[in-house]
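The structure appears right after this line, and notes come after that.
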Amino acid sequence: MRMGYACIVTELNDLPKNQRVTTNRSMIKKTFTSKGVDYASEMALLNCRDLMKILIWNSQNQFDFFRMSSNMFPWASEYNISDLKHFEEIASVLKECGDFAKDNDIRLSFHPGPFNKLCSSDERILKNTIKDLETHGEIMDLMGLSRTHFNKINIHVGGAYGDRQKASEVFCRNFDKLSDSVKSRLTVENDDRASLYSTKDLFSMIYEKIGVPIVHDIHHHGFCTGGIGQEEAMKIAISTWGKITPVVHYSESRTKEYENVKENAHSDYIYEKIECFDLDVDIMVEAKKKEKAVQKYRKDHLSS
DNA sequence: CCAGGTCAAGGGAGT
DNA sequence: ACTCCCTTGACCTGG
(Lines give C-alpha, C1' and ligand atoms only; values in the text may rest on other atoms or scores of the structure.)
Protein backbone atom coordinates (compact mmCIF):
# COMPACT_ATOMS: atom_id res chain seq x y z
CA MET A 1 0.00 0.00 0.00
CA ARG A 2 1.38 3.32 -1.05
CA MET A 3 0.54 6.55 0.73
CA GLY A 4 0.93 9.79 -1.13
CA TYR A 5 0.22 13.48 -0.92
CA ALA A 6 -0.56 16.25 -3.36
CA CYS A 7 1.58 18.75 -5.23
CA ILE A 8 3.59 20.39 -2.48
CA VAL A 9 6.42 19.37 -0.15
CA THR A 10 5.85 21.85 2.65
CA GLU A 11 9.32 21.23 4.01
CA LEU A 12 10.83 22.46 0.75
CA ASN A 13 8.13 25.00 -0.08
CA ASP A 14 8.28 26.89 3.21
CA LEU A 15 11.78 28.17 2.73
CA PRO A 16 13.06 31.66 1.89
CA LYS A 17 12.19 32.45 -1.67
CA ASN A 18 15.69 31.94 -3.08
CA GLN A 19 15.87 28.41 -1.63
CA ARG A 20 12.24 27.40 -2.14
CA VAL A 21 11.54 24.22 -4.10
CA THR A 22 8.18 24.38 -5.82
CA THR A 23 6.47 23.37 -9.05
CA ASN A 24 3.75 25.99 -8.62
CA ARG A 25 5.33 29.08 -10.10
CA SER A 26 2.51 30.88 -11.87
CA MET A 27 1.43 34.40 -12.70
CA ILE A 28 -1.64 36.57 -12.94
CA LYS A 29 -3.06 37.53 -16.30
CA LYS A 30 -1.50 40.97 -16.28
CA THR A 31 1.99 39.48 -15.92
CA PHE A 32 1.40 36.85 -18.58
CA THR A 33 0.15 39.54 -20.94
CA SER A 34 3.09 41.85 -20.32
CA LYS A 35 5.91 39.31 -20.06
CA GLY A 36 4.60 36.83 -22.61
CA VAL A 37 4.96 33.16 -23.30
CA ASP A 38 8.75 33.11 -23.08
CA TYR A 39 8.48 34.08 -19.44
CA ALA A 40 5.95 31.28 -18.90
CA SER A 41 8.48 28.99 -20.55
CA GLU A 42 11.14 30.06 -18.04
CA MET A 43 8.79 29.42 -15.16
CA ALA A 44 7.88 26.01 -16.57
CA LEU A 45 11.53 25.03 -16.83
CA LEU A 46 12.16 26.06 -13.23
CA ASN A 47 9.07 24.11 -12.16
CA CYS A 48 10.23 21.00 -14.01
CA ARG A 49 13.69 21.21 -12.48
CA ASP A 50 12.13 21.44 -9.05
CA LEU A 51 9.94 18.43 -9.82
CA MET A 52 13.16 16.47 -10.07
CA LYS A 53 14.25 17.76 -6.66
CA ILE A 54 10.88 16.83 -5.21
CA LEU A 55 11.09 13.30 -6.61
CA ILE A 56 14.53 12.89 -5.09
CA TRP A 57 13.19 14.18 -1.80
CA ASN A 58 10.36 11.65 -2.06
CA SER A 59 12.66 8.72 -2.60
CA GLN A 60 14.89 9.82 0.28
CA ASN A 61 11.88 10.11 2.55
CA GLN A 62 10.16 6.83 1.70
CA PHE A 63 7.38 8.31 -0.40
CA ASP A 64 6.37 6.29 -3.43
CA PHE A 65 3.16 8.09 -4.43
CA PHE A 66 2.91 11.75 -5.42
CA ARG A 67 0.39 13.93 -7.20
CA MET A 68 2.06 16.35 -9.58
CA SER A 69 0.86 19.92 -9.74
CA SER A 70 -1.21 21.11 -12.67
CA ASN A 71 0.50 24.47 -12.32
CA MET A 72 3.83 23.28 -13.70
CA PHE A 73 3.06 25.01 -16.98
CA PRO A 74 1.49 28.38 -16.24
CA TRP A 75 -1.08 29.49 -18.81
CA ALA A 76 -0.71 26.20 -20.66
CA SER A 77 -4.07 26.82 -22.32
CA GLU A 78 -2.41 29.56 -24.35
CA TYR A 79 0.38 27.61 -26.04
CA ASN A 80 1.68 24.19 -26.98
CA ILE A 81 4.42 22.88 -24.73
CA SER A 82 6.42 21.78 -27.75
CA ASP A 83 6.51 25.38 -29.00
CA LEU A 84 8.08 26.77 -25.84
CA LYS A 85 11.41 28.49 -26.04
CA HIS A 86 12.92 26.07 -23.52
CA PHE A 87 11.17 22.99 -24.86
CA GLU A 88 14.26 20.87 -25.47
CA GLU A 89 15.55 21.38 -21.97
CA ILE A 90 12.07 20.95 -20.49
CA ALA A 91 11.63 17.67 -22.36
CA SER A 92 15.00 16.46 -21.20
CA VAL A 93 14.29 17.31 -17.54
CA LEU A 94 10.86 15.72 -17.70
CA LYS A 95 12.34 12.54 -19.15
CA GLU A 96 14.83 12.45 -16.29
CA CYS A 97 11.96 12.88 -13.83
CA GLY A 98 10.02 10.05 -15.40
CA ASP A 99 13.03 7.76 -15.48
CA PHE A 100 13.79 8.56 -11.86
CA ALA A 101 10.20 7.83 -10.84
CA LYS A 102 10.29 4.48 -12.61
CA ASP A 103 13.69 3.51 -11.24
CA ASN A 104 12.53 4.33 -7.73
CA ASP A 105 9.03 2.89 -8.12
CA ILE A 106 7.26 6.18 -7.46
CA ARG A 107 3.64 6.31 -8.61
CA LEU A 108 2.84 9.69 -10.17
CA SER A 109 -0.57 11.10 -10.95
CA PHE A 110 -2.39 14.27 -11.91
CA HIS A 111 -5.60 15.88 -10.73
CA PRO A 112 -6.55 18.59 -13.25
CA GLY A 113 -8.66 21.41 -11.86
CA PRO A 114 -12.38 22.02 -11.48
CA PHE A 115 -12.61 23.97 -14.73
CA ASN A 116 -12.45 20.73 -16.66
CA LYS A 117 -16.01 19.99 -17.76
CA LEU A 118 -15.97 17.02 -20.07
CA CYS A 119 -19.74 16.87 -19.54
CA SER A 120 -20.29 20.29 -21.09
CA SER A 121 -22.33 20.73 -24.25
CA ASP A 122 -20.79 24.14 -24.79
CA GLU A 123 -18.15 23.74 -27.49
CA ARG A 124 -15.88 26.39 -26.10
CA ILE A 125 -15.85 24.87 -22.62
CA LEU A 126 -15.29 21.42 -24.06
CA LYS A 127 -12.45 22.67 -26.21
CA ASN A 128 -10.77 24.25 -23.17
CA THR A 129 -11.26 21.03 -21.22
CA ILE A 130 -9.76 18.85 -23.92
CA LYS A 131 -6.81 21.19 -24.27
CA ASP A 132 -6.13 21.05 -20.53
CA LEU A 133 -6.46 17.28 -20.32
CA GLU A 134 -4.25 16.77 -23.36
CA THR A 135 -1.60 18.98 -21.78
CA HIS A 136 -1.57 16.68 -18.76
CA GLY A 137 -1.28 13.65 -21.01
CA GLU A 138 1.53 15.24 -22.98
CA ILE A 139 3.54 15.96 -19.83
CA MET A 140 3.22 12.34 -18.76
CA ASP A 141 4.19 11.19 -22.25
CA LEU A 142 7.26 13.42 -22.18
CA MET A 143 8.17 11.84 -18.85
CA GLY A 144 7.76 8.42 -20.40
CA LEU A 145 5.17 7.40 -17.81
CA SER A 146 2.93 4.45 -18.60
CA ARG A 147 -0.30 4.96 -20.50
CA THR A 148 -2.23 3.16 -17.79
CA HIS A 149 -4.20 4.14 -14.73
CA PHE A 150 -1.06 3.57 -12.67
CA ASN A 151 -0.26 7.12 -13.78
CA LYS A 152 -3.79 8.41 -13.64
CA ILE A 153 -5.26 11.71 -14.69
CA ASN A 154 -8.14 12.08 -12.30
CA ILE A 155 -11.08 14.47 -12.73
CA HIS A 156 -14.64 14.98 -11.60
CA VAL A 157 -17.52 14.69 -14.07
CA GLY A 158 -17.81 18.43 -13.63
CA GLY A 159 -21.49 19.24 -13.45
CA ALA A 160 -25.01 17.90 -13.50
CA TYR A 161 -26.91 20.77 -15.12
CA GLY A 162 -29.92 19.53 -13.21
CA ASP A 163 -29.82 16.12 -14.90
CA ARG A 164 -26.99 13.78 -13.94
CA GLN A 165 -28.01 11.09 -16.39
CA LYS A 166 -27.96 13.44 -19.33
CA ALA A 167 -24.74 15.19 -18.33
CA SER A 168 -22.98 11.87 -17.81
CA GLU A 169 -23.99 10.81 -21.31
CA VAL A 170 -22.36 13.92 -22.71
CA PHE A 171 -19.26 13.09 -20.66
CA CYS A 172 -19.13 9.61 -22.21
CA ARG A 173 -19.56 10.96 -25.74
CA ASN A 174 -16.84 13.53 -25.23
CA PHE A 175 -14.48 10.94 -23.77
CA ASP A 176 -14.13 9.61 -27.31
CA LYS A 177 -12.71 12.93 -28.45
CA LEU A 178 -9.65 12.53 -26.24
CA SER A 179 -6.38 11.07 -27.44
CA ASP A 180 -5.11 7.70 -26.23
CA SER A 181 -2.63 9.55 -24.01
CA VAL A 182 -5.53 10.83 -21.89
CA LYS A 183 -8.11 8.06 -22.42
CA SER A 184 -5.72 5.41 -21.16
CA ARG A 185 -5.07 7.33 -17.94
CA LEU A 186 -8.36 9.04 -17.15
CA THR A 187 -10.23 8.29 -13.92
CA VAL A 188 -13.31 9.86 -12.33
CA GLU A 189 -13.80 10.81 -8.69
CA ASN A 190 -16.98 10.92 -6.60
CA ASP A 191 -18.22 14.37 -5.55
CA ASP A 192 -18.83 15.83 -2.12
CA ARG A 193 -22.34 17.10 -2.77
CA ALA A 194 -25.54 15.09 -3.07
CA SER A 195 -26.57 16.89 -6.25
CA LEU A 196 -23.51 15.57 -8.09
CA TYR A 197 -22.02 12.10 -8.58
CA SER A 198 -21.67 9.41 -5.96
CA THR A 199 -19.39 6.43 -6.46
CA LYS A 200 -22.50 4.41 -7.29
CA ASP A 201 -23.53 6.98 -9.92
CA LEU A 202 -20.08 6.85 -11.48
CA PHE A 203 -20.21 3.09 -11.71
CA SER A 204 -23.44 2.96 -13.69
CA MET A 205 -23.17 6.23 -15.60
CA ILE A 206 -19.46 6.27 -16.45
CA TYR A 207 -17.62 3.03 -15.76
CA GLU A 208 -20.21 0.69 -17.25
CA LYS A 209 -20.42 2.84 -20.38
CA ILE A 210 -16.80 3.66 -21.13
CA GLY A 211 -14.68 1.68 -18.68
CA VAL A 212 -13.15 4.64 -16.87
CA PRO A 213 -12.08 3.54 -13.36
CA ILE A 214 -13.34 5.25 -10.23
CA VAL A 215 -11.27 7.00 -7.60
CA HIS A 216 -13.26 6.68 -4.40
CA ASP A 217 -12.86 9.64 -2.08
CA ILE A 218 -13.69 8.44 1.43
CA HIS A 219 -14.32 11.92 2.78
CA HIS A 220 -16.53 12.97 -0.13
CA HIS A 221 -18.60 9.82 0.22
CA GLY A 222 -19.92 11.12 3.54
CA PHE A 223 -21.64 13.98 1.71
CA CYS A 224 -22.83 12.02 -1.32
CA THR A 225 -23.43 8.38 -0.45
CA GLY A 226 -25.74 7.30 -3.26
CA GLY A 227 -27.54 5.39 -0.51
CA ILE A 228 -24.78 2.88 0.13
CA GLY A 229 -22.17 2.45 2.84
CA GLN A 230 -18.47 3.17 2.79
CA GLU A 231 -17.41 -0.46 2.40
CA GLU A 232 -19.78 -1.22 -0.45
CA ALA A 233 -18.84 1.98 -2.26
CA MET A 234 -15.16 1.28 -1.91
CA LYS A 235 -15.56 -2.23 -3.24
CA ILE A 236 -17.56 -1.00 -6.21
CA ALA A 237 -14.86 1.56 -7.03
CA ILE A 238 -12.06 -0.95 -6.63
CA SER A 239 -13.75 -3.39 -8.98
CA THR A 240 -13.24 -0.91 -11.83
CA TRP A 241 -9.44 -0.98 -11.83
CA GLY A 242 -8.46 -4.29 -13.40
CA LYS A 243 -4.84 -5.18 -12.72
CA ILE A 244 -3.81 -1.70 -11.62
CA THR A 245 -3.81 -0.98 -7.89
CA PRO A 246 -6.78 1.32 -7.23
CA VAL A 247 -6.40 4.72 -5.66
CA VAL A 248 -8.63 6.03 -2.90
CA HIS A 249 -8.56 9.55 -1.53
CA TYR A 250 -8.53 10.20 2.18
CA SER A 251 -9.02 13.33 4.23
CA GLU A 252 -10.80 14.47 7.35
CA SER A 253 -13.02 17.41 8.17
CA ARG A 254 -11.39 20.71 8.99
CA THR A 255 -14.02 21.19 11.71
CA LYS A 256 -11.83 18.91 13.84
CA GLU A 257 -9.23 21.62 13.99
CA TYR A 258 -10.95 24.96 13.44
CA GLU A 259 -14.24 26.66 14.22
CA ASN A 260 -16.49 28.27 11.66
CA VAL A 261 -15.20 26.24 8.72
CA LYS A 262 -17.09 24.07 6.32
CA GLU A 263 -17.74 20.45 7.12
CA ASN A 264 -16.26 19.29 3.83
CA ALA A 265 -13.11 21.42 4.03
CA HIS A 266 -9.89 19.46 4.51
CA SER A 267 -7.99 19.24 7.77
CA ASP A 268 -4.30 20.02 8.23
CA TYR A 269 -3.54 16.53 9.56
CA ILE A 270 -5.38 13.21 9.70
CA TYR A 271 -6.10 11.42 12.93
CA GLU A 272 -8.10 8.23 12.51
CA LYS A 273 -6.81 4.90 11.31
CA ILE A 274 -7.83 4.60 7.69
CA GLU A 275 -10.32 1.79 7.20
CA CYS A 276 -9.58 -0.01 3.95
CA PHE A 277 -11.51 -3.23 4.62
CA ASP A 278 -8.34 -5.23 3.83
CA LEU A 279 -8.50 -4.08 0.23
CA ASP A 280 -5.32 -3.54 -1.75
CA VAL A 281 -5.32 0.20 -2.47
CA ASP A 282 -2.99 3.15 -2.70
CA ILE A 283 -4.05 6.10 -0.58
CA MET A 284 -3.78 9.69 -1.66
CA VAL A 285 -3.97 11.81 1.48
CA GLU A 286 -5.51 15.21 0.89
CA ALA A 287 -4.52 17.17 3.96
CA LYS A 288 -3.25 20.72 4.08
CA LYS A 289 0.04 19.82 5.74
CA LYS A 290 0.82 17.51 2.83
CA GLU A 291 3.78 15.21 3.45
CA LYS A 292 3.82 16.15 7.12
CA ALA A 293 0.30 14.79 7.53
CA VAL A 294 1.39 11.44 6.09
CA GLN A 295 4.52 11.37 8.24
CA LYS A 296 2.44 12.01 11.33
CA TYR A 297 -0.02 9.31 10.31
CA ARG A 298 2.79 6.81 9.88
CA LYS A 299 4.15 7.69 13.29
CA ASP A 300 0.73 7.41 14.92
CA HIS A 301 -0.55 4.31 13.18
CA LEU A 302 2.07 2.40 11.24
CA SER A 303 5.22 2.40 13.34
CA SER A 304 5.80 -0.59 15.56
C1' DC B 1 10.86 40.67 4.55
C1' DC B 2 5.86 41.06 5.42
C1' DA B 3 0.83 41.91 5.19
C1' DG B 4 -3.14 42.58 2.62
C1' DG B 5 -5.63 42.56 -1.56
C1' DT B 6 -6.14 40.20 -5.76
C1' DC B 7 -6.45 36.58 -9.00
C1' DA B 8 -8.17 32.68 -16.11
C1' DA B 9 -11.28 29.18 -16.45
C1' DG B 10 -17.30 26.58 -14.81
C1' DG B 11 -20.68 25.03 -11.86
C1' DG B 12 -22.97 24.87 -7.59
C1' DA B 13 -24.38 26.58 -3.21
C1' DG B 14 -25.13 30.08 0.04
C1' DT B 15 -26.23 34.90 0.76
C1' DA C 1 -26.72 39.59 -8.56
C1' DC C 2 -22.76 38.59 -5.82
C1' DT C 3 -19.21 35.71 -3.39
C1' DC C 4 -16.80 31.73 -2.21
C1' DC C 5 -15.07 27.19 -3.02
C1' DC C 6 -13.09 23.61 -5.49
C1' DT C 7 -7.41 19.78 -7.61
C1' DT C 8 -3.14 22.90 -5.01
C1' DG C 9 -2.54 28.98 -2.85
C1' DA C 10 0.47 32.06 -5.34
C1' DC C 11 1.16 36.68 -7.22
C1' DC C 12 1.68 41.61 -6.84
C1' DT C 13 2.11 45.92 -4.60
C1' DG C 14 3.22 49.05 -1.14
C1' DG C 15 5.49 49.61 3.11
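Every residue in the range A:24-69 that is among the basic types (Lys, Arg) and within 19 Å of the chain's Cα centre (by Cα), please. Please lay out each step first, then the result.
Our first condition is that a residue be among the basic types (Lys, Arg); within the range A:24-69, this holds for A:25, A:29-30, A:35, A:49, A:53, A:67.
Answer for the range A:24-69, where residues must be among the basic types (Lys, Arg) and within 19 Å of the chain's Cα centre (by Cα): A:Arg25, A:Arg67.
Counting the residues of the range A:106-148 that are within 15 Å of DNA strand C (Cβ to nearest atom), assigned to a strand (DSSP E or B) and either hydroxyl-bearing (Ser, Thr, Tyr) or farther than 16 Å from A:Gly158 by Cβ (or both) gives 2.
Name the residues in the range A:84-100 that are away from DNA strand B (no atom under 16 Å from the Cβ) and within 28 Å of A:Phe175 (Cα to Cα), would you? Step through it out loud before you land on a result.
Taking the range A:84-100 as the starting set, the residues that turn out to be away from DNA strand B (no atom under 16 Å from the Cβ) are A:85-100.
Correct list: A:Ala91, A:Leu94, A:Lys95, A:Gly98.
For A:Phe223, the requirement of being within 16 Å of DNA strand B (Cβ to nearest atom) and of a type in the set (Phe, Trp, Tyr) is met. Being assigned to a strand (DSSP E or B), among the small types (Gly, Ala, Ser) and crowded, with 16+ Cβ neighbours inside 10 Å, is that true of even one residue in the range A:67-88? No, the conditions are met nowhere in the range A:67-88. Within the span defined as the range A:101-114, every residue fails to be touching a residue at least 40 places away in the same chain (Cβ under 8 Å), near DNA strand B (Cβ under 9 Å from one of its atoms) and among the hydroxyl-bearing types (Ser, Thr, Tyr).
Select from the range A:7-20 the residues that are closer than 16 Å to A:Lys289 by Cα and of a type outside the set (Ser, Thr, Tyr) and list them in ascending order.
Step one: list which residues in the range A:7-20 are closer than 16 Å to A:Lys289 by Cα, which gives A:7-15.
If the condition is that a residue be closer than 16 Å to A:Lys289 by Cα and of a type outside the set (Ser, Thr, Tyr), then A:Cys7, A:Ile8, A:Val9, A:Glu11, A:Leu12, A:Asn13, A:Asp14, A:Leu15 are the ones that fit.
On inspection, A:Lys292 passes the criterion of being among the charged types (D, E, K, R), outside any loop (DSSP other than H, G, I, E, B) and touching a residue at least 60 places away in the same chain (Cβ under 8 Å).
Pull up the range A:53-66, narrow it to residues that are assigned to a loop (DSSP other than H, G, I, E, B) and away from DNA strand C (no atom under 16 Å from the Cβ), then point me to the one that is farthest from A:Gln19 (Cα to Cα). Restricting to residues being assigned to a loop (DSSP other than H, G, I, E, B) and away from DNA strand C (no atom under 16 Å from the Cβ), the top hit is A:Asp64.
Looking at this structure, is A:Met284 at pLDDT 95 or above, crowded, with 22+ Cβ neighbours inside 10 Å, on the phi < 0 side of the Ramachandran plot and not in a helix (DSSP H, G or I)? Full working, then the answer.
Details: at pLDDT 95 or above: yes; crowded, with 22+ Cβ neighbours inside 10 Å: yes; on the phi < 0 side of the Ramachandran plot: yes; not in a helix (DSSP H, G or I): yes.
Considered against the rule, which asks whether it is at pLDDT 95 or above, crowded, with 22+ Cβ neighbours inside 10 Å, on the phi < 0 side of the Ramachandran plot and not in a helix (DSSP H, G or I), A:Met284 comes out as yes.
When the residues of the range A:14-68 are filtered to those that are β-branched (Val, Ile, Thr) and touching a residue at least 40 places away in the same chain (Cβ under 8 Å), the one that is farthest from A:Gly137 (Cα to Cα) is A:Ile56. Taking the criterion of being surrounded by 17 or more Cβ atoms within 10 Å (Cβ to Cβ) and within 30 Å of A:Phe65 (Cβ to Cβ), the residues of the range A:111-130 that qualify are A:His111, A:Pro112, A:Asn116, A:Lys117, A:Leu118, A:Cys119, A:Thr129, A:Ile130.
Residue check: A:Tyr5 meets all listed conditions (1) away from DNA strand B (no atom under 14 Å from the Cβ); (2) in a helix (DSSP H, G or I); (3) in contact (Cβ under 8 Å) with a residue 40 or more places away in the chain but one, namely (2).
The values are calculated or read from the model by the stated rules, or taken from the named source; none is laboratory data. Just so we're clear, the structure is a prediction, and the values are computed from it rather than from any experiment. Here the Cβ is made from the backbone with ideal geometry for all residues, glycine too, and neighbour counts use every protein chain on show.
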